[in-house]
1. Where is the GNM fluctuation largest for the chain (alpha-carbon springs, 10 angstrom cutoff): GLY46, GLY123, GLY94?
2. Nearest 20 debye, what's the magnitude of the dipole of region 67-162 about its Cα centre given +1 on Lys and Arg Cβ and -1 on Asp and Glu Cβ?
3. Between SER136 and THR98, 0.36 nm times their residue separation minus their Cα-Cα distance comes to what?
4. So I have (i) 10, 39, 37, 13, 1; (ii) 9, 34, 29, 17, 9, 2, 0; (iii) 8, 30, 31, 13, 7, 5, 4, 1, 0, and one of them is P(r) over Cα pairs in 10 Å bins from 0, in percent calculated from this model. Which one is it?
5. Go ahead and estimate [θ] at 222 nm for the chain from helices alone: -39,500 (n - 2.57) per DSSP H run with n ≥ 4, summed, over the residue count, rounded to 500.
6. Loop-only check: which chymotrypsin sites (Phe, Trp or Tyr not before Pro) in region 51-111 are DSSP coil with at most 11 other Cβ within 10 angstrom?
7. Spin-label point model (7 Å from Cα, Cβ direction): what's the ALA16 to SER126 distance in nm?
8. No other cysteine beta carbon under 4.7 Å away is the test; run it over the chain and list who passes.
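Just so it is clear, none of the values below were taken in a lab; they were calculated from the coordinates. Predicted model, so just to flag it, every value in this text is computed and none were measured. With ideal geometry, Cβ positions are generated from the backbone for all residues, glycine too; neighbour counts draw on all protein chains shown.
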Amino acid sequence: MSRVTSAAPARFATVATPPGRFTVVVTAGPDGEDVVLASGWTDDVGELLPVIHRALRPTWVERAEDLPVLDVVAAFHAGDVAAIDKVAVLQRSGPFLTDAWDVLRTVPAGEPDTYAAFAARCGHPSAVRAAAGACSRNAAALFVPCHRVLATGGGLGGFRWGTPVKRWLLDHEAEHAPAPV
C-alpha cells in the first residue's frame with residue numbers, strides 16, 4: 001500500500017447523480033493515476049475528510065472542475081454497474097478492516113450479502129459486528145460497495161448516506177447486474 005504525503009493536495013469534485021449529489025476526493029497514486037480516498041452522497045467535502053484515515057488525510061483539498069473518476073460514476077449510473085470495480089481506492093486501518101474492504105469489492109452487484117454472510121466471506125463467520133463496522137467505517141462509498149450488505153433479518157441495515165440512497169443503489173444494481181454465469 002502506498003503512503004500519501006500531506007505535501008500533495010487532494011482534489012475533489014461533485015456531480016449530480018440520480019440518488020443525489022456525489023462527491024469524490026482523490027489523490028495521486030504512485031503511478032500518477034488518481035486514487036479515491038473518500039466519496040459519498042454529499043456536496044460538502046467537509047463531510048468526507050474526517051472519514052479518511054489520519055495517515056492518509058490531506059492537509060488541504062482543491063476543487064477540480066472534472067476528475068476522470070467522474071466518468072466511471074456516470075457509467076455506473078447509466079447502467080454499467082461493473083464500471084466501479086477497477087477504480088483504485090486507498091484506505092487504511094487494521095488487518096481485519098483492510099481485508100474486509102477488499103472483500104466488499106468481491107460482493108457482486110445485484111447479489112447483496114447479509115452482514116452474517118459478509119462476515120463468513122471475510123473468513124470470520126462469528127465476527128458479524130466487526131463486518132458491520134467495516135461497512136460503517138468505509139470511506140469510499142460506491143467504489144467499496146458497502147451498500148451491498150444487508151441486515152441479517154433481510155432489512156436494509158444502516159448506510160452513512162441514508163437508506164433511500166442505499167435502496168436506490170440496490171435496485172439499480174439488481175436491474176443492471178450482469179446475468180450470473
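1. GLY94
2. Details: 8 positive and 7 negative charges, 67 e Å.
Here region 67-162 has a charge dipole of around 320 debye.
3. Numbers: separation 38, 0.36 × 38 = 13.68 nm, distance 1.30 nm.
My answer for the length gained is 12.4 nm.
4. (i)
5. On the way: 5 runs with 49 residues, N = 181.
So the calculated ellipticity at 222 nm is -8000 deg cm²/dmol.
6. Numbers: sites: TRP60, PHE76, PHE96, TRP101; in loops: TRP60.
Here the chymotrypsin sites (Phe, Trp or Tyr not before Pro) that fit, given the DSSP loop and packing criteria, are TRP60.
7. Reported label-point gap for ALA16 and SER126 is 5.2 nm.
8. CYS122
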